[in-house]
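Take a look at the structure set out below.
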Amino acid sequence: MKLEYVPREALDELLDLIEIAEDKSKIALIDLLRLLMIHEANAAHILNKHWDRFEVSIFGYLQCIDIKDPEAKVMQNYHLGSLRMLANIYQTDSGKDFLQGEDASNALLNFCNFSLDSVNPKVVFTAAVVIFNQVLCFKREKTLISGALEHVLQKISQTITDPLLTDNEAFLGLLLCECRIFFMNKNACEFAKDKIPSFRENH
């Protein structure tokens, strides 16, 4: 079976399984979903029918886990796999169009903002990649700054100056993400200058 021709019923069953699976099975299923999300028909069906499950089975589920626990390797891998799956949404027009919605965009940014606290630098880097993609692809009111994006900027400024952040890739990912948010966005620059003390001190 070719991944771009998976029946909708099978996609629905996959989301059912992700919701109830545990440990390594959950990681394997989210990785399969990652591969499916690069195809237009799959992305359109999954996002439009099952986004609420993303918010429960991925966003909500992981926000109940201690992402600062260095021993929680399985959950770190599920977290990383989930972010890589979200990054693949931007490979389809259906995915980019879906994430123009304010509710979906804010939910995604809030999840990525949460992810920047992870003890795993790969999670931090991949969350920065997803934020970068969302800001890059967002077509509406690019010069404005939403509450979710304000929180992201605050968290990036805190994380990027944290002496505990020693991973170079994560640091560069955050720096690039921050630059993309500021690019041709006067409101974002003014917000950072006026509201984020660490930004004024370190930029």
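The values are calculated or read from the model by the stated rules, or taken from the named source; none is laboratory data. Owing to the predicted nature of the structure, the values given are computational and were not obtained by experimental measurement. Neighbour counts run over all protein chains shown; Cβ positions are idealised from the backbone, glycine included.
Quick one: which of Thr126, Thr92 is in contact with a helix residue (DSSP H, G or I) (Cβ under 6 Å, 6 or more places away or on another chain), over 22 Å from Met184 (Cα atoms), hydroxyl-bearing (Ser, Thr, Tyr) and not assigned by TED's automatic domain parsing to the domain that holds Arg34? It would help to see each step written out before you state the result.
Details: Thr92 fails: not assigned by TED's automatic domain parsing to the domain that holds Arg34.
So the residue among Thr126, Thr92 that is in contact with a helix residue (DSSP H, G or I) (Cβ under 6 Å, 6 or more places away or on another chain), over 22 Å from Met184 (Cα atoms), hydroxyl-bearing (Ser, Thr, Tyr) and not assigned by TED's automatic domain parsing to the domain that holds Arg34 is Thr126.
Here is a yes/no grid of residues against (1) modelled with pLDDT under 95; (2) outside any helix (DSSP H, G or I); (3) of a type in the set (Phe, Trp, Tyr):
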position	(1), (2), (3)
Leu32	no, no, no
Leu47	no, no, no
Phe59	no, no, yes
Pro70	yes, yes, no
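Would a scan of the stretch 92-102 turn up a residue that is assigned to a helix (DSSP H, G or I) and of a type in the set (Lys, Arg)?
yes
Of all residues in the stretch 144-191, which are in contact with a Leu (Cβ under 8 Å, 6 or more places away or on another chain) and among the small types (Gly, Ala, Ser)?
Passing the criteria: Ser146, Ala148, Ala188.
Under 8 Å by Cβ, and 6 or more places apart or on different chains, what pairs join a residue from the stretch 44-59 that is free of Cβ contacts under 8 Å to residues at least 60 places away in the same chain with one that is part of a helix (DSSP H, G or I) and among the hydroxyl-bearing types (Ser, Thr, Tyr)?
Here the result reads Ala44/Ser94; Leu47/Ser94; Ile58/Ser82, each pair linking the stretch 44-59 to a residue that is part of a helix (DSSP H, G or I) and among the hydroxyl-bearing types (Ser, Thr, Tyr).
Which members of the stretch 77-116 meet the condition of being more than 14 Å from the chain's Cα centre (by Cα) and closer than 22 Å to Leu164 by Cα?
Within the stretch 77-116, just Asn77 meets the criteria.
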